[in-house]
1. Might you let me know whether the stretch 35-47 holds any residue that is at pLDDT below 95 and on the phi > 0 side of the Ramachandran plot?
2. Say we look at the stretch 24-45 and pick out the residues that are closer than 22 Å to Leu316 by Cβ and over 21 Å from the mean Cα position of the chain (by Cα); which of these is surrounded by the most Cβ atoms within 10 Å (Cβ to Cβ)?
3. Would you point out the residue of the stretch 6-58, among those that are polar (S, T, N, Q), part of a helix (DSSP H, G or I) and touching a helix residue (DSSP H, G or I) at 6+ places or on another chain (Cβ under 9 Å), that is farthest from Asp290 (Cα to Cα)?
4. Consider Ser300 against the criteria (1) within 26 Å of the chain's Cα centre (by Cα); (2) among the polar types (S, T, N, Q); (3) more than 19 Å from Asp244 (Cβ to Cβ): it satisfies all of them except one. Which criterion is unmet?
5. Could you count how many residues in the stretch 180-210 are surrounded by fewer than 19 Cβ atoms within 10 Å (Cβ to Cβ) and closer than 20 Å to Phe86 by Cα?
6. At pLDDT 80 or above, surrounded by fewer than 16 Cβ atoms within 10 Å (Cβ to Cβ) and closer than 23 Å to Thr242 by Cβ, is that true of Glu176?
Amino acid sequence: MIFDTPFPSQFCLQDLCAITGRVFELRVNPHQAEADRAARAWFNSINLYDDRKRSKFINYGKFDLFAALTYPDADSEHLTTGLMFFFWAFAVRPSCLCLLSSYVLKSPNQADDMADESDFRYKPDDVHSWHHISRSVFANPESSRPEEPYAAMLYECVFSGSQPLNIPHSFYRAFESWSHAHVTQSRNRSQDRIASVDEFILMRRSTIGAALVEATIEYSLDLDIPDEVFENPIVQEMSKATNDLMTWPNKEQSDGDYQNLVFCIMHERKVGLQAAIDILTEMLSQRVEDYIQLKNRLPSFGPEADQALSSYLSALENFVQGTVLWYYLSPRYFRGVDITNREDLVVPLFEPGAF
């Protein structure tokens, strides 16, 4: 037991949407329903889950809303591919990957037994094995569709959708960073290790997959921003700020899993749950100020690059605000909580296994 003091039954949370909403605009794509129908048909064709689990995964997650908030200016085809990407991204979260071990370690007919034996999140070698399979999608783009279902989903998103991603090399670099970070996080879980706050922030920037979304945002608008723009130190710091702003409000409750920034703050600063929530909320407010100052210092890269970057940053800001709102609307985070009034919201701690 890492924390000896019992947790309170609830905590109080300020309106995080109001904090980020001072700078970031909320917009919704009008093609949400159309893209959802197309992406659901594709996901159903994968035969990844049985009917009950598939229905829960899709309806519980509200991924269609998340995509509509993330890509508000995308046309229907680009939005569909973006939603397909979200289906893949959330399906391959380590907490969802117990069944994958049947493809890595065992025969398919032992999948249910493997899922019951232990949690995939605590097996860094298995997580590494899966990421090795997925990397083959990028290493061998001319090869046929992989048999492993999660890699097959990624292959179809990137190479064979109605609007294949055809994204820049930044997507592959982001995927590599995301993969390695998940292995590290799995190792921390297996050792009951809580990272320092600074260490966790760096790791979480990768595990949340925001850099992957950034690449798909550029794709969704058919932008071609020069590498020199993304290599600029101010643009890179702005990316880190938006990453933190959409990551830190993520306070998903999970059974005994301390790979969470709130717990890192509690452990490092020797404070209780409510104090850690308040500290993190202040950190979020400061990060908004950081973004404002960085944007004011943004240099010019020439008329065409400036216009493309402006469109990209506006879309990135939409993504941040849409993500924060989605946290409230998704039962993954606030199930059973009335969020009509988000000011000083009282959130109960869920019972183990409630998800």
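1. Yes, there is a match, as at least one residue in the stretch 35-47 is at pLDDT below 95 and on the phi > 0 side of the Ramachandran plot.
2. Per the criteria, the residue is His31.
3. Step one: list which residues in the stretch 6-58 are polar (S, T, N, Q), which gives 9-10, 14, 20, 29, 32, 44-45, 47, 55.
After this cut, where a residue has to be part of a helix (DSSP H, G or I) as well, the list is 20, 32, 44-45, 55.
Of the ones still in play, those that are also touching a helix residue (DSSP H, G or I) at 6+ places or on another chain (Cβ under 9 Å) are 20, 32, 44.
Numbers: Thr20: 12, Gln32: 32, Asn44: 42 Å.
For the stretch 6-58, the residue satisfying everything is Asn44.
4. (1)
5. Summing the residues that are surrounded by fewer than 19 Cβ atoms within 10 Å (Cβ to Cβ) and closer than 20 Å to Phe86 by Cα in the stretch 180-210 gives 2.
6. On the way: at pLDDT 80 or above: no; surrounded by fewer than 16 Cβ atoms within 10 Å (Cβ to Cβ): yes; closer than 23 Å to Thr242 by Cβ: yes.
The answer is no for Glu176.
The values are calculated or read from the model by the stated rules, or taken from the named source; none is laboratory data. In this text the structure is predicted, and so the values were computed from the model without any measurement. Virtual Cβ from ideal backbone geometry, glycine too; neighbours counted across all protein chains shown.
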